[in-house]
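Student: Submitted below is the structure of interest, expressed as structure tokens.
The values are calculated or read from the model by the stated rules, or taken from the named source; none is laboratory data. Model, not experiment: these values are computed from the prediction. Cβ: placed from backbone, ideal geometry, glycine included. Neighbour counts: every protein chain shown.
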Amino acid sequence: MQLKSKVWSNFFFAIPLVIALYQQLFFHSALILSVMIFSSIYHYSEEKKFGIADRIFAYSLIAYNLYLCYLANFRFPYFYLALLFVFVGFYFFFIKKKDDSEWHISSALITIFCLLAYITTP
């Protein structure tokens with residue numbers, strides 16, 4: 001059985017998860033792990049009840065990423081790299097609409113850059 005790209009692309013979130021755990025950002029780690037779990041379950045099963053949880057955790061991660069950037073005073077260059085991948089992600093999510101794997105990869109990169117902005121702030 002072949003895994004759907006919408007499922008395996010969630011594993012890109014393992015990178016920011018490890019970074020967050022290493023930095024002892026446990027709430028952020030929990031959000032990232034929740035996104036990985038519920039998005040994978042939703043895209044594997046395609047049941048709407050998991051889609052609701054997927055969206056809730058995805059929006060929560062977006063909000064927390066923005067909060068970390070705020071705490072980091074929107075540190076250059078990480079915040080701007082995150083913004084770049086927001087636009088890349090929007091392109092794939094709203095315009096291309098073929099697959100969510102690109103959106104998941106962009107979202108994982110956004111999370112990495114937001115984490116880097118926060119952890120490199122003196």
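Student: Test Ala108 against the stated conditions and say whether it is within 17 Å of Ser60 (Cα to Cα), touching a residue at least 60 places away in the same chain (Cβ under 8 Å) and of a type in the set (Gly, Ala, Ser).
Tutor: Yes: the conditions hold for Ala108.
Student: A further question follows. Can you name every residue in the range 43-73 that is more than 15 Å from Leu31 (Cβ to Cβ), at pLDDT 90 or above, out of contact with any Cys (no Cβ under 9 Å at 6 or more places or on another chain) and surrounded by 15 or more Cβ atoms within 10 Å (Cβ to Cβ)?
Tutor: Phe50, Gly51
Student: Next question, about the same structure. For the range 63-77, name all the residues that are out of contact with any Ser or Thr (no Cβ under 8 Å at 6 or more places or on another chain) and touching a residue at least 12 places away in the same chain (Cβ under 8 Å).
Tutor: Tyr64, Leu66, Leu68, Cys69, Phe74
Student: For residues that are of a type in the set (A, V, I, L, M) and touching a helix residue (DSSP H, G or I) at 6+ places or on another chain (Cβ under 6 Å), scanning just the range 73-85, find the one that is farthest from Leu115 (Cα to Cα).
Tutor: Among those that are of a type in the set (A, V, I, L, M) and touching a helix residue (DSSP H, G or I) at 6+ places or on another chain (Cβ under 6 Å), it is Leu81.
Student: Separate question: Find all pairs meeting these conditions: Cβ atoms under 7 angstrom apart; at least six residues apart or on different chains; first residue within the range 37-51 and over 19 Å from Phe11 (Cβ atoms); second residue in a helix (DSSP H, G or I) and hydrophobic (A, V, I, L, M, F, W, C).
Tutor: none
Student: May I ask you to say which residue of Glu102, Glu47 is in contact with a Gly (Cβ under 8 Å, 6 or more places away or on another chain), of a type outside the set (Phe, Trp, Tyr) and closer than 22 Å to Lys6 by Cβ?
Tutor: Glu102
Student: Working only within the range 6-42, note down all residues that are loosely packed, with under 15 Cβ neighbours inside 10 Å and polar (S, T, N, Q).
Tutor: If the condition is that a residue be loosely packed, with under 15 Cβ neighbours inside 10 Å and polar (S, T, N, Q), then Gln23, Gln24 are the ones that fit.
Student: Mind checking whether some residue in the range 14-30 is touching a residue at least 60 places away in the same chain (Cβ under 8 Å) and closer than 13 Å to Asp54 by Cβ?
Tutor: No - not one qualifying residue is present in the range 14-30.
Student: Follow-up question, since we're still on this one. Determine whether the range 101-119 contains at least one residue that is in a helix (DSSP H, G or I), more than 18 Å from Phe12 (Cβ to Cβ) and in contact with a Cys (Cβ under 9 Å, 6 or more places away or on another chain).
Tutor: Looking through the range 101-119, at least one residue is in a helix (DSSP H, G or I), more than 18 Å from Phe12 (Cβ to Cβ) and in contact with a Cys (Cβ under 9 Å, 6 or more places away or on another chain).
Student: Additional query: Output the residues belonging to the range 1-42 that are more than 18 Å from Leu116 (Cβ to Cβ), at pLDDT 90 or above and of a type in the set (Gly, Ala, Ser).
Tutor: Ala30, Ser34, Ser39, Ser40
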